[in-house]
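For reference, the structure is listed below as structure tokens.
The values are calculated or read from the model by the stated rules, or taken from the named source; none is laboratory data. Quick caveat, the model's predicted, so the values are computed rather than measured. We place every Cβ from the backbone using ideal geometry, glycine too, and count neighbours over all the protein chains shown. When the accessible area is computed, the model is the full protein with side chains, heavy atoms only, and any ligands, DNA or RNA have been set aside. Shrake-Rupley method; radii C 1.70, N 1.55, O 1.52, S 1.80 Å.
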Amino acid sequence: DSYLQVFNRLQHYVLLGHSFDKVEVIVMGGTFPAEDKEYQEEFITGVFKAMNDFSDLFFEDGFNFVKFKEFFELPGDMKDKERELRIQEKLLKLKGGLDLEKEKLRNENSKVRCVALCIETKSDWGLLEHGNEMLRQGCTRVELGIQSVYDDVLEHVHRGHDSGDSKKSIQILKDLGFKINFHYMPGLPLTSRERDVSGMKQLFLDEDYRPDMLKIYPCMVGPGTALYYQWKKGEFKPISTDEAIERIVE
């Protein structure tokens with residue numbers, strides 16, 4: 001529940017003494033545009049409404065820390081499940097109906113304002129239809145799973161798109177005005193040190209790529225994956241941490 005998540009995170013920021021008047025939201029961990037449209041709408045609206053309601057609840061002529069402590073039953077035991085359920089019940093009553101356009105407008109004057117909204121997706125779910133929907137949702141930056149510039153690698157790992165799809169997605173999303181953050185994964189099957197270093201350089205030498213930001217995720221093998229079984233059979237050798245460091249440094 002994004003509404004509960006954001007309220008919880010804002011509570012953390014207050015207790016840790018951080019500023020939270022300007023918030024960057026990152027919708028992490030998958031291809032968000034591939035989710036059910038109704039779920040997407042509910043999730044993003046819940047994010048905005050939580051910031052707006054937090055602002056309305058606790059700001060008067062400044063932040064009302066006494067009211068904040070009363071609402072969250074502080075000081076209290078963070079592991080107290082009954083306390084947690086009481087707070088969640090209060091929040092879910094506040095949550096009520098969700099209207100994305102209304103909450104985006106409210107947020108323009110909120111004391112907790114969303115200044116950046118980032119959504120993660122794959123290239124084949126980052127085309128014009130998806131880009132327009134992300135714009136409507138209030139997205140300002142897209143984290144795009146490029147993973148590799150090599151088509152044989154993308155095909156081998158069943159990525160679901162090729163380098164042409166990546167370039168098309170980049171062109172469309174940049175034309176729509178998004179900042180683009182690439183995810184790149186050295187150490188995939190069919191790569192070598194030379195290919196990885198060359199591929200990462202290509203991200204900046206090739207004008208069809210050129211990200212505004214870059215996240216590098218060396219390939220790690222987890223149980224239950226196809227790569228895990230290939231590794232057990234001796235068909236795939238993962239790179240070591242030291243090797244990953246050396247490739248990234250170069």
Going through the range 221-250 in order, the residues found to be free of Cβ contacts under 8 Å to residues at least 24 places away in the same chain and outside any helix (DSSP H, G or I) are VAL221, GLY222, PRO223, GLY224, THR225, LYS233, GLY234, GLU235, LYS237, SER240
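Taking LEU127, is it touching a Cys at 6+ places or on another chain (Cβ under 6 Å), of a type in the set (A, V, I, L, M, F, W, C) and farther than 16 Å from PHE54 by Cα?
no
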Got a number for residues in the range 75-108 being among the aliphatic types (A, V, I, L, M), within 20 Å of LEU15 (Cα to Cα) and in contact (Cβ under 8 Å) with a residue 24 or more places away in the chain?
1
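A quick yes/no check of all residues on (1) among the hydroxyl-bearing types (Ser, Thr, Tyr); (2) modelled with pLDDT under 95; (3) surrounded by 14 or more Cβ atoms within 10 Å (Cβ to Cβ):
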residue	(1), (2), (3)
LYS168	no, no, yes
HIS183	no, no, yes
GLY187	no, no, yes
VAL197	no, no, yes
ASP206	no, no, no
TYR209	yes, no, yes
THR225	yes, yes, no
Taking helices (runs of 4 or more DSSP H) that fall entirely within the range 2-112, which contain at least 2 residues that are under 30 Å from GLY131 (Cβ atoms)?
2-16, 37-58, 100-107
Being within 17 Å of LEU117 (Cα to Cα) and open to solvent by 60 Å² or more (accessible area, probe 1.4 Å) is true for just one of LEU176, LEU135. Which residue is that?
LEU135
Which of the residues belonging to the range 217-245 are aliphatic (A, V, I, L, M) and under 19 Å from ARG195 (Cβ atoms)?
MET220, VAL221, LEU227, ILE239, ALA244, ILE245
Residue among GLU84, GLU129, GLU103, GLU60 that alone is over 30 Å from MET185 (Cβ atoms) and either of a type in the set (A, V, I, L, M, F, W, C) or loosely packed, with under 14 Cβ neighbours inside 10 Å (or both):
GLU60
For the range 140-152, which residues satisfy the criterion of being surrounded by fewer than 20 Cβ atoms within 10 Å (Cβ to Cβ) and without any contact (Cβ under 8 Å) to a residue 40 or more places away in the chain?
THR140, ASP151, ASP152
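Let's see how each residue does on (1) part of a strand (DSSP E or B); (2) more than 15 Å from TRP125 (Cα to Cα); (3) under 18 Å from the mean Cα position of the chain (by Cα):
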| site | (1), (2), (3) |
| --- | --- |
| ASP152 | no, yes, no |
| GLY160 | no, no, no |
| ASP165 | no, no, no |
| ILE170 | no, no, yes |
| THR191 | no, yes, no |
| VAL197 | no, yes, no |
| GLN202 | no, yes, no |
Go through the range 87-100 and give me each residue that's open to solvent by 50 Å² or more (accessible area, probe 1.4 Å), closer than 22 Å to GLN40 by Cα and of a type in the set (D, E, K, R).
LYS93, ASP99
Could you grab the pairs with beta carbons closer than 6 Å, sequence gap of 6+ or different chains, first residue in the range 22-49 and touching a residue at least 12 places away in the same chain (Cβ under 8 Å), second one exposed (fewer than 13 other Cβ atoms within 10 Å of the Cβ) and not in a helix (DSSP H, G or I)?
LYS22/VAL115
From the residues in the range 204-220 that are touching a residue at least 24 places away in the same chain (Cβ under 8 Å) and aromatic (Phe, Trp, Tyr), which one is farthest from SER123 (Cα to Cα)?
TYR217
